[in-house]
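Beneath this line is the structure, given in structure tokens, with notes to follow.
The values are calculated or read from the model by the stated rules, or taken from the named source; none is laboratory data. Note that the structure is a prediction, hence the values are computed from the model and not measured. Because the Cβ atoms are built from the backbone with ideal geometry, glycine has one as well, and the counts that use them run over all protein chains shown. Each accessible area value is taken on the protein alone, full model and side chains, heavy atoms only, with ligands, DNA and RNA left out. Shrake-Rupley method; radii C 1.70, N 1.55, O 1.52, S 1.80 Å.
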Amino acid sequence: LLLDVSNILVGACLNGIAEQLNTALSYSSPNILAERVPLHRIMATENLGWKHALLVEVNFGLENSDFKSHLLILMEDEAISTLCKSLDHFLESL
């Protein structure tokens with residue numbers, strides 16, 4: 001159930017960002033990579049094919065509830081470049 005709710009929140013957030021940037025994007029449904037496992041075991045930096053990455057965190061919560069969700073978006077070099085071009089185009093249109 002939590003993954004379904006997260007999927008709805010992620011879809012709404014990412015579709016809103018794509019709409020504002022006047023672009024299309026795709027994403028996969030949220031899933032659980034691991035529980036109680038150090039990050040370095042999930043993502044070994046020596047196996048990554050990029051020099052820089054941008055980590056974007058979006059936090060969701062329901063008022064008067066214990067429900068909280070965190071959307072983490074990790075973008076590699078090429079994605080950052082594409083995002084910058086989209087942002088430049090967006091800012092020029094204002």
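Note on the chain: dipole from Cβ charges, positive end direction compared against CYS13, SER86, LEU3; the farthest Cα belongs to LEU3.
Based on alpha carbons, the Rg and Dmax found for segment 33-73 are 14.2, 43 Å. Counting only DSSP H runs of at least 4 residues, each contributing -39500 (n - 2.57), and dividing by the residue count of the chain, the helix-based mean residue ellipticity at 222 nm comes to -13000 deg cm²/dmol.
All C-alpha to C-alpha distances of the chain, sorted into 10 Å bins beginning at zero, yield P(r) values of 12, 38, 34, 14, 1 percent in whole numbers. Evaluated with a Cβ-only charge set (Lys, Arg +1; Asp, Glu -1), the chain carries a dipole of roughly 220 debye about its Cα centre, given to the nearest 20. Taking the 1.4 Å solvent-accessible surface of the chain as the whole, the part contributed by carbon and sulfur is 55%. With all protein chains in place and ligands, DNA and RNA left out, the 1.4 Å accessible area ranks LEU71, LEU55, LEU3 as LEU55, LEU3, LEU71, largest first.
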